[in-house]
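The values are calculated or read from the model by the stated rules, or taken from the named source; none is laboratory data. Source: prediction; values computed, not measured. Cβ placement follows ideal geometry from the backbone for every residue including glycine, while neighbour counts extend to all protein chains displayed.
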Amino acid sequence: MIPAWRLWTFGLLLLLSVSVSPGHADPVLKTVVSVVGPGNLSYMPMDLLPRIGADREEGLEVQIRHVGGGGMAIKEMISRNSDFSVAGFPALMSLKAHGGDLVGVAAIADSPQFVLMVRKGLEGQVRRIADLKSRIIGVHTSAVNAKTVSQQLLELLLATDGLKPRDVRMISSGQEWDKRTAMLESGQVDAIVSEEPFASVLLAQGKVFFLVNLGEPETTRHIPGARVLHAALATRPDVVAQEPEKIRRLVKALRRTLVWITEHSPEELVERLGVTHPEERQHLLLCLKKYPRMFSRDGAFSKEQIAQTNLFFHTSTPEATSIRMEDLINDQWAGRKE
């Protein structure tokens, strides 16, 4: 017969071997999220989430897998290298139009931070979008048979000024800062659809000028769907069916992070992100102060976002008007609002 003290010791060791988060009764769940970056402003809440311990508060251990573009983030998830990705919702809709099937579970962005910028040497020649005819324009890499949001945006902008996609030459500029800078400086591209804070960095360096900035609503009233949902948390249907608790905890951690952002200064946010390069800190702070409402406050999908995203996608992709954002949402964790 085994002595009682040995049974008690074995039970204690077994209990200690189970990973339990502070203040959380259940075992810690591990998950991987593919995110564009590091340094992409629109997706920053997900980078911040593990740095403030929001994942641990909800019994999660989140690993961020940085990739070079939204299409790559989606591909990582489809390939099961990650459970979740952060991507532009129109990219999820484009994927659906090509037979893919992903689910949006929370909103991260409140306003898109896309800029159509032109190299400085063309300032006297390019005054409006129509002046880009026959020129070379860089967009993010498309992947998994879906158009990235940057490509959809460019096609939409061209259409607003009477041009068709074939009237310009689109090439992949990726999302690496050094590569895009070199392409502009060498004249390999005449313009690039970019995100912040990269666009503001090049503007401050005198290398580009802005033709369209979605972050400034007063200049984009004529653009259909200008308040498109740029950054959303997405997952696969099998994760929804088999691991709903993982989604519940991640969405709660995301909401904690979004609240944290509203309660702390841009300086504190940059500090928590561990940004130490002086110039990078300067431009990041500039953008955070310039666009104070870029992030969602609660992760919920709003009625306006859904309408704007549908308008954006259907205008840029008229052949896929049957695809609706509301059909790709599972809002049981983040909810909806007016």
Tell me which residues, restricted to the stretch 51-85, are in a strand (DSSP E or B) and under 25 Å from P27 (Cα atoms). L60, E61, V62, Q63, I64, R65, F84, S85
Mind telling me which of the residues L254, L233 ends up being part of a helix (DSSP H, G or I), of a type outside the set (G, A, S) and surrounded by 15 or more Cβ atoms within 10 Å (Cβ to Cβ)? L254
The listed residue being surrounded by 15 or more Cβ atoms within 10 Å (Cβ to Cβ) and closer than 19 Å to R51 by Cα, out of V228, V259, V270: V270
Inspect the stretch 180-192 for any residue being at pLDDT 90 or above and under 22 Å from the mean Cα position of the chain (by Cα) and give the result as yes or no. yes
Single residue of the stretch 284-310 satisfying the filter (part of a helix (DSSP H, G or I) and in contact with an Asp or Glu (Cβ under 6 Å, 6 or more places away or on another chain)) that is surrounded by the most Cβ atoms within 10 Å (Cβ to Cβ): C287
Kindly evaluate I306 against the criterion of being closer than 19 Å to G215 by Cα and at pLDDT 95 or above. yes
Consider S186 against the criteria (1) hydroxyl-bearing (S, T, Y); (2) buried (at least 21 other Cβ atoms within 10 Å of the Cβ); (3) not assigned by TED's automatic domain parsing to the domain that holds S316: it satisfies all of them except one. Which criterion is unmet? (2)
Taking the criterion of being of a type in the set (D, E) and touching a helix residue (DSSP H, G or I) at 6+ places or on another chain (Cβ under 8 Å), would at least one residue in the stretch 62-82 satisfy it? no
Tabulated pairs, the stretch 222-234, first free of Cβ contacts under 8 Å to residues at least 24 places away in the same chain, second of a type in the set (G, A, S), C-beta under 9 angstrom, 6+ apart or interchain: none
State all residues of the stretch 257-276 that are without any contact (Cβ under 8 Å) to a residue 60 or more places away in the chain and either in a helix (DSSP H, G or I) or in contact with a Gly (Cβ under 6 Å, 6 or more places away or on another chain) (or both); if no residue qualifies, say none. V259, T262, E263, P266, E267, E268, V270, E271
Go over the candidates R281, R248 one by one and state the one that is among the basic types (K, R), in the same structural domain as L41 (by TED's automatic domain parsing), at pLDDT 90 or above and in a helix (DSSP H, G or I). R248
Can you name every residue in the stretch 311-338 that is in a helix (DSSP H, G or I) and over 16 Å from E155 (Cβ atoms)? M325, E326, D327, L328
Would you check if there is a residue in the stretch 224-233 being within 20 Å of the chain's Cα centre (by Cα), at pLDDT 95 or above and farther than 22 Å from G124 by Cα? yes
Test result for A146, surrounded by fewer than 15 Cβ atoms within 10 Å (Cβ to Cβ), modelled with pLDDT under 90 and aliphatic (A, V, I, L, M): no
Of the residues that make up the stretch 311-325, is at least one in contact with an Asp or Glu (Cβ under 7 Å, 6 or more places away or on another chain) and among the hydrophobic types (A, V, I, L, M, F, W, C)? no
When you check L202 against the structure, is it farther than 27 Å from H283 by Cα, surrounded by 23 or more Cβ atoms within 10 Å (Cβ to Cβ) and either small (G, A, S) or in contact (Cβ under 8 Å) with a residue 12 or more places away in the chain (or both), yes or no? no
Any hit, the stretch 53-66, residues being in contact (Cβ under 8 Å) with a residue 12 or more places away in the chain and closer than 23 Å to M170 by Cβ: no
